[in-house]
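Peer 1: Structure provided below as structure tokens; questions to follow.
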Amino acid sequence: MINKKNLWFLTLFSLILVLSIYYITMPSELLMTTKEKVSNITSQKEKEKNTKNKEIVKEIKEADILSAMRIESDSVMKEEIDKLQLVINDEKSTVDDKNKAYDKMKEINNNRAKEEDLEKKLKEDLNLDSYIKMEDNKITVTINSSEHDSGIANKIMRSIQSNFDESKYITVKFQK
């Protein structure tokens, strides 16, 4: 008598066998054409990138410093969150460790949200491209500008400090 387990096993085994035979007998030209299509698409994209105007590349380079800073900050933040998620998902971790890791993740996400809000505020109020990094009581503001104006720096510090009840140590850097 065949029970349900044996029936399922035979069904799945026969399905795997049929698919394996199909894959083995499939013409190799079909596989080669898909690989060639993928390589052709990637080579076309590379050609398009290389043939763009130099002016566009110059525009990208101007904001390149701020973008690089954001990418670096995001990658560090992602690594920290991944480590904290490992602690949370680990069965051997204590409840206290999991709670601390969860609180740290919330803090990281809240800080990133505050940084983005402050960047938007500076863009709206003072029309400045900026990168903001918050660590404890320290806030570092990097402005994409070649002129080093103390008046603008003062406005930036006042604008940022107005968002917090306690005083913060705010540093403004101008980079081009």
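Peer 1: Filter the stretch 77-94 down to the residues that are loosely packed, with under 11 Cβ neighbours inside 10 Å and either among the hydroxyl-bearing types (Ser, Thr, Tyr) or in a helix (DSSP H, G or I) (or both) and list them by number.
Peer 2: If the condition is that a residue be loosely packed, with under 11 Cβ neighbours inside 10 Å and either among the hydroxyl-bearing types (Ser, Thr, Tyr) or in a helix (DSSP H, G or I) (or both), then GLU79, ASP82, ASN89, THR94 are the ones that fit.
Peer 1: Are any residues in the stretch 17-28 surrounded by fewer than 10 Cβ atoms within 10 Å (Cβ to Cβ) and assigned to a helix (DSSP H, G or I), and if so, which ones?
Peer 2: Of everything in the stretch 17-28, those that are surrounded by fewer than 10 Cβ atoms within 10 Å (Cβ to Cβ) and assigned to a helix (DSSP H, G or I) turn out to be TYR22, TYR23, ILE24, THR25, SER28.
Peer 1: Is there a residue in the stretch 108-115 that is among the basic types (Lys, Arg), over 19 Å from ALA68 (Cβ atoms), in a helix (DSSP H, G or I) and at pLDDT below 90?
Peer 2: no
Peer 1: Moving to a separate point now. I'm trying to understand the selection: among the residues of the stretch 121-141, which are basic (Lys, Arg), free of Cβ contacts under 8 Å to residues at least 40 places away in the same chain and closer than 14 Å to LEU66 by Cβ?
Peer 2: LYS123
Peer 1: Just need a number here: residues in the stretch 125-153 that are in a helix (DSSP H, G or I) and either modelled with pLDDT of 90 or more or of a type in the set (A, V, I, L, M, F, W, C) (or both).
Peer 2: Counting residues in the stretch 125-153 that are in a helix (DSSP H, G or I) and either modelled with pLDDT of 90 or more or of a type in the set (A, V, I, L, M, F, W, C) (or both) gives 3.
Peer 1: In the stretch 142-164, is there at least one residue being among the aromatic types (Phe, Trp, Tyr) and under 24 Å from ALA68 (Cα atoms)?
Peer 2: No.
The values are calculated or read from the model by the stated rules, or taken from the named source; none is laboratory data. This one's a predicted model, so the numbers in the text were calculated from it and none came from an experiment. Note: ideal-geometry Cβ built from the backbone for every residue, glycine included; neighbour counts use all protein chains shown.
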